[in-house]
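Shown next, in structure tokens, is the structure this report addresses.
Coordinate-derived values only; no laboratory data. Values in this document were obtained by computation on a predicted structure and should not be read as measured data. Please note: Cβ atoms are built from the backbone with ideal geometry, for glycine as well, and neighbour counts cover all protein chains shown.
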Amino acid sequence: MAGLYVHIPFCRSRCIYCAFYSTTSLELRQRYVDAVCREIELRGERRNFRGERREERGERLDTRLDTIYLGGGTPSQLTIDQLRQLFLSINNVYGQNHSLSSLLSPLSSNTEVTIEVNPDDVTEAFAEALTQLPVNRVSMGAQTFDDDRLRFLHRRHTASQVPLAIERLRKAGIENISVDLMYGFPGETLADWQRDIDAALALQVEHLSAYCLMVEEGTPLYDLYRRHGGTQVRGYEHINEELERAMYEMLIDRLTAAGYEHYELSNFARPGRRSRHNSSYWQDVPYLGVGAAAHSYDGRRRWWNVSDLHLYIKGIEEGTCVSEGEDLDEDTRYNDRITTALRTCEGLDLTTLPEKYRRYCLQEARRYLDDGLLQLDDAMRLQLTRRGLFVSDMVMSGLMWV
């Protein structure tokens, strides 16, 4: 069973750090939703998972979905009618029933259906309307509970709107909520970060994700640093590595002590509440992405739609999915397994690798095993240690096939 990702690129305003494809051209929302619904039909009804015509390969498409994820951008910038339109299209292609009355359970009761929201979009009416859709999980971008840092990020919401949004979702009956946090702000102290963690824990949500603030090319934050000739901009200095490590250690300690499972580098969940959709990415499960800039993977090949709203809509309206792709050779598939499986608490099962790559991985892993950054159990499962988590990028790079 696969996952379906639907990219909703619309934002009312652009956050200073965001590197995901997005647009503030809200007037194009309806045309875009129409195009996404058409792509769902093209990808699902008439074509196999790779986008080829099924009759050309004599294949029958397995249309079962385990997860659906509406990400962005800001999916909560769509109207309820537009969201309903999307789910009807998904139901028509992937569901067992084909009527509006079946919308609440378009696939199965086990399907995880997530929507990303901004706290300030969650009115009482919006929260209640979600329960009339198949949504059963909400992911909310809180980032921080400090209003000054929210303004620095150019976030639209205030700190007080986060618990209010959670309360409204709970009242409406949403029982699976995730909150995103961010640390490593200019001038942020360990005590500041502890207050953010404590505020998040007080929400008693089922899932928490936390990321260090990064300066990524193509973002307004990156442009700000470039204009000032580097990273040491007055008022925007990076935190040092020692403080970043201390923040990450505090995050792990406080969340695990509160009963959360640290199941992936940046993700924590109550028992049984892992993000099944994101976990599929780390477990080599195929997924289909629809919408501008969305990525797909079928185990042998990956492809991605054009990162241009106008080109995407024009192509779909002409009956074509404008995309690029690549076939994956064995070396690339091995490298992908290194950079996904090792992110998780289960680690990499070496017995699933071809002999050539298993020998190579063990050989390259020896130095990290000796340094206490990796551990290998009797079942031949390779995992990052607590010390290895903070330097995971270095360790994974060292295991790559070159």
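In table form, for the structure just shown:
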read-out	value
Length gained when the stretch GLN363-ARG227 is fully extended (0.36 nm per residue, less Cα-Cα span)	44.5 nm
Fraction of antiparallel bridges per DSSP, the chain only, in percent to nearest 5	40 percent
Largest to smallest principal axis extent of the C-alpha atoms in the stretch 329-402, angstrom	32, 25, 20
Prolate/oblate/rounded call for the stretch 191-347, Cα gyration tensor, a/c under 1.5 rounded	oblate
Per-peptide average of other Cβ atoms within 10 Å, ordering 309-316, 32-39, 220-227 highest first	32-39, 309-316, 220-227
Packing-based order for 111-123, 155-167, using average beta carbon neighbours within 10 Å, highest first	111-123, 155-167
Over the chain, relative contact order from alpha-carbon pairs under 8 Å, at least 6 apart, %	15 percent
Neighbour-limited loop hits for GluC sites (Glu not before Pro), the stretch 300-402 (at most 11 other Cβ within 10 Å; DSSP other than H, G, I, E, B)	GLU318
Whole-Å semi-axes of the chain's equivalent ellipsoid (Cα gyration tensor)	32, 29, 21
Neighbour-count ranking [beta-carbon atoms within 10 angstrom, fewest first] of TYR5, TYR281	TYR281, TYR5
The stretch 316-372 - convex hull of the alpha-carbon atoms, volume per residue in Å³	132 Å³
The stretch 243-402 - percent relative contact order, Cα under 8 Å, separation 6 or more	16 percent
Under the Debye formula (equal points on every Cα, no solvent term), log10 I(q)/I(0) of the stretch 116-215 at q = 0.11, 0.15, 0.16, 0.18 Å⁻¹	-0.32, -0.57, -0.65, -0.80
Projected label distance in nm at GLU241 and SER13, using a 7 Å step from Cα toward the beta-carbon	3.6 nm
Residue-averaged [θ]222 nm for the chain, counting only DSSP H segments that reach four residues, each worth -39500 (n - 2.57)	-11500 deg cm²/dmol
Cβ-isolated cysteines (cut-off 4.7 Å), the chain	CYS11, CYS37, CYS212, CYS321, CYS345, CYS361
Rg ratio (alpha-carbon, reference 2.2 N^0.38 Å) - the stretch 266-402	1.25
ILE197, ILE80 arranged by Cβ crowding within 10 Å, fewest neighbours leading	ILE80, ILE197
